[in-house]
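The values are calculated or read from the model by the stated rules, or taken from the named source; none is laboratory data. Keep in mind that this is a model prediction, so the values were computed, not measured. For neighbour counting, all protein chains shown are included, and Cβ atoms are generated from backbone atoms with ideal geometry for every residue, glycine included. Protein only, heavy atoms only, side chains kept; ligands, DNA and RNA dropped before computing areas. Shrake-Rupley method; radii C 1.70, N 1.55, O 1.52, S 1.80 Å.
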Amino acid sequence: MTKIKASLTEVKQELFRRGELSWLLYAHQRPIYNKIREVLASDATDDNSYVIDCARQYGKSFTMFVIAVEECLRHPFQTVVYVGPLKSQVVEIVTEKTFRTVFEYCPPNLIPKLDGSALVFPN
């Protein structure tokens, strides 16, 4: 059996290239992630929405941002609309701590650029 040696950073960068970012989530966020992924993959017309009912600071915005980034990395020219109560709140989510946390290990050539309130991915 051939062993491949790679650093943890190299593994994380490869996962970014593949658009697989669920490793960024805490264990309690994974059921939300899995259900949303299930809904997104479903062709059923009655299975097209999902309500998240959990406490503040649970990581809902972070989980949704991870899914949005995955979609943009996996599908060139993908448009994902990220909605919040105020535009300033959305900009805060996608440009401050959440952005830094998600893209900490991202290969430099995949990091999106901020264009107004939009993130534009290189692909």
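3J(HN,Hα) along the range 25-35, derived from phi through the Karplus expression 6.51 cos²θ - 1.76 cosθ + 1.60 where θ = phi - 60°, amounts to 8, 6, 4, 6, 8, 5, x, 5, 4, 4, 5 Hz, with x in place of Gly and Pro. Have a look at L110, A68, V91 and report the one farthest towards the positive end of the charge dipole of the chain, computed about the Cα centre with Cβ charges (Lys/Arg +1, Asp/Glu -1). Of L110, A68, V91, it is L110.
About its Cα centre, the chain has a charge dipole of approximately 460 debye under the convention of +1 per Lys or Arg Cβ and -1 per Asp or Glu Cβ, with nothing else charged.
A simple rule links phi to the HN-Hα coupling: the Karplus curve 6.51 cos²θ - 1.76 cosθ + 1.60 with θ = phi - 60°, which for the range 94-109 gives 8, 10, 10, 4, 4, 4, 4, 5, 5, 9, 4, 9, 5, x, x, 6 Hz, with x for Gly and Pro.
What length, rounded to one decimal in nm, is gained on full extension from L40 through to K5, with 0.36 nm per residue of separation minus their alpha-carbon distance? Full extension from L40 to K5 adds 9.2 nm.
Find the Cα radius of gyration of the range 64-123, compare it with 2.2 N^0.38 Å by division, and give the number to two decimals.
Output field value: 1.05.
State, as an integer percentage, the relative contact order of the chain based on alpha-carbon contacts under 8 Å between residues 6 or more apart. Across the chain, relative contact order equals 27 percent.
Per the helix-only calculation at 222 nm, which mean residue ellipticity applies to the chain, given -39500 (n - 2.57) for every DSSP H run of n ≥ 4 and division by its residues, nearest 500 deg cm²/dmol?
-13000 deg cm²/dmol
For the pair V91 and K113, label points projected 7 Å from Cα toward Cβ lie 1.9 nm apart.
Scalar couplings 3J(HN,Hα) for the range 71-78, obtained by applying the Karplus form with A = 6.51, B = -1.76, C = 1.60 to θ = phi - 60°, are 4, 5, 6, 6, 10, x, 6, 6 Hz; x denotes Gly and Pro. The GluC sites (Glu not before Pro) of the range 62-123 meeting both criteria, a DSSP state outside H, G, I, E and B (loop) and at most 12 other C-beta atoms within 10 angstrom of the site's C-beta, are E96, E104.
When Rg/Rh (Cα atoms, Kirkwood Rh) is calculated for this entry, the matching label among (1) 1.03; (2) 0.98; (3) 1.18 is (2). By a 1.4 Å probe calculation restricted to protein chains, T9 has an accessible surface near 60 Å², given to the nearest 10.
If you take the square roots of the eigenvalues of the alpha-carbon gyration tensor of the range 27-96 and sort them as a ≥ b ≥ c, do you get rounded (a/c under 1.5), prolate (a/b over b/c) or oblate? It is oblate, given that a/c is not under 1.5 and a/b is not larger than b/c.
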